[in-house]
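Engineer: Mind having a look at this structure? Questions to follow.
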Amino acid sequence: MQKPVHVGIIMDGNGRWAKQRGLIRTKGHLEGLAAAKRIVKAASEIGIRYLTLYAFSTENWKRTAEEVGFIMGLIKQYLRAEFDFSKKNKIRVRHAGNIAGLPLDIQKEITDTIRDTADFDGMQVVLAINYGGRDEITRAVRKFTADGKDAGELREEDICAYMDNPDIPDPDLIIRSAGEYRTSNFLLWQGAYSEIYISKKLWPDWDKEDLQVAIDDYMGRDRRFGSVANQE
Ligand code: IPE
Ligand code: IPE
Ligand code: MG
């Protein structure tokens, strides 16, 4: 099979990585950011067209104010500091999730980065921040009815059209680090037929080779989409 066009990653295990080393959780997030930068570079080199990174879920607000504040700070720093890398590698940055629910300074950083990278034609990196699959579907239906359309006429294609990034193809491969066997509300709609790859390795330890192993595993699979294999 061809390499995946769109890869989504549930970047999990930062806290456990820190705990294993007797460090505070925030140190794990700092290393998680370094891993995210490595993987963006690696994915671009491998020739992935779309990379969606799950950075903060609609449920992650349940964490302490200190941890949430630290993660928001890292996101801001990442968006600011990575512009030169994006420019050099023609990486277009996008966002998925409920932007209105984010602090105003983060909203501005996101909209500025989206605007400043809009013309870059290399890999597209979708940052899922304050993202929840259920929230995205709920907002899609609301936008549909706000446009004066009749909810009684709602079709699957309408939900697709009102998603946060309707032009982006569904993820071919969804990777989860740190070994949990769940989606945690990531790309519920778009992931209907995604191949899933779960690795025990904690996110801060990820590098290009781990991504390559996941992609190679994907390429050996048989995607049937409800049909039967090798139909005559
Ligand atoms: C993933 O790492 C990062 C975010 C959810 C923001 P965690 O912080 O969930 O790490 P664990 O699961 O506690 O190890
Ligand atoms: C999923 O990880 C969210 C992100 C990676 C941003 P969580 O650590 O929040 O997921 P659960 O709580 O283990 O399901
Ligand atoms: Mg976790």
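Engineer: Take peptides 203-213, 96-106, 150-160 and line them up by average Cβ neighbours within 10 Å, highest first, as a rough protection proxy.
Structural biologist: Packing order, densest peptide first, comes out as 203-213, 96-106, 150-160.
Engineer: Further question on the same structure: Using alpha carbon centroids, what distance separates the range 92-146 and the range 27-79, in Å?
Structural biologist: Answer, in whole Å: 14.
Engineer: Shifting gears a bit: For 7, 125, 68, what ranking results if the residue with the fewest other Cβ atoms within 10 Å of its Cβ goes first?
Structural biologist: 68, 125, 7
Engineer: How long are the semi-axes of the equivalent ellipsoid of the chain, defined as square roots of 5 times the Cα gyration tensor eigenvalues? Whole Å, largest first.
Structural biologist: Values: eigenvalues 139, 112, 67 Å².
Value: 26, 24, 18 Å, ordered largest first.
Engineer: Mean-square fluctuation check for the chain, GNM, Cα pairs under 10 Å: which of 54, 131, 193 is largest?
Structural biologist: Per the Cα network of the chain with a 10 Å cutoff, 193 tops the list.
Engineer: Here's a follow-up. If I stretch the segment between residue 141 and residue 90 completely, what's the gain in nm (0.36 nm per residue apart, minus their alpha carbon distance), one decimal?
Structural biologist: 15.0 nm
Engineer: Now a separate question. Taking 7 Å along the Cα-to-C-beta vector as the label spot, tell me the residue 216-residue 99 distance in nanometres, rounded to one decimal.
Structural biologist: 3.9
Engineer: Given 0.36 nm per residue, what is the gain on full extension from residue 61 to residue 77 after removing their alpha carbon distance, in nm?
Structural biologist: 3.8 nm
Engineer: What distance in nm lies between label points placed 7 Å from Cα along the C-beta direction at residue 184 and residue 156?
Structural biologist: Placing both labels 7 Å beyond Cα along the Cβ direction yields 2.8 nm.
Engineer: Along the Cα→Cβ direction, 7 angstrom out, place labels at residue 5 and residue 167. What is the inter-label distance in nm?
Structural biologist: Computed distance between label sites residue 5 and residue 167 equals 1.4 nm.
No value in this document is a laboratory result; all are computed from the given coordinates. Note that the structure is a prediction, hence the values are computed from the model and not measured. Here the Cβ is made from the backbone with ideal geometry for all residues, glycine too, and neighbour counts use every protein chain on show.
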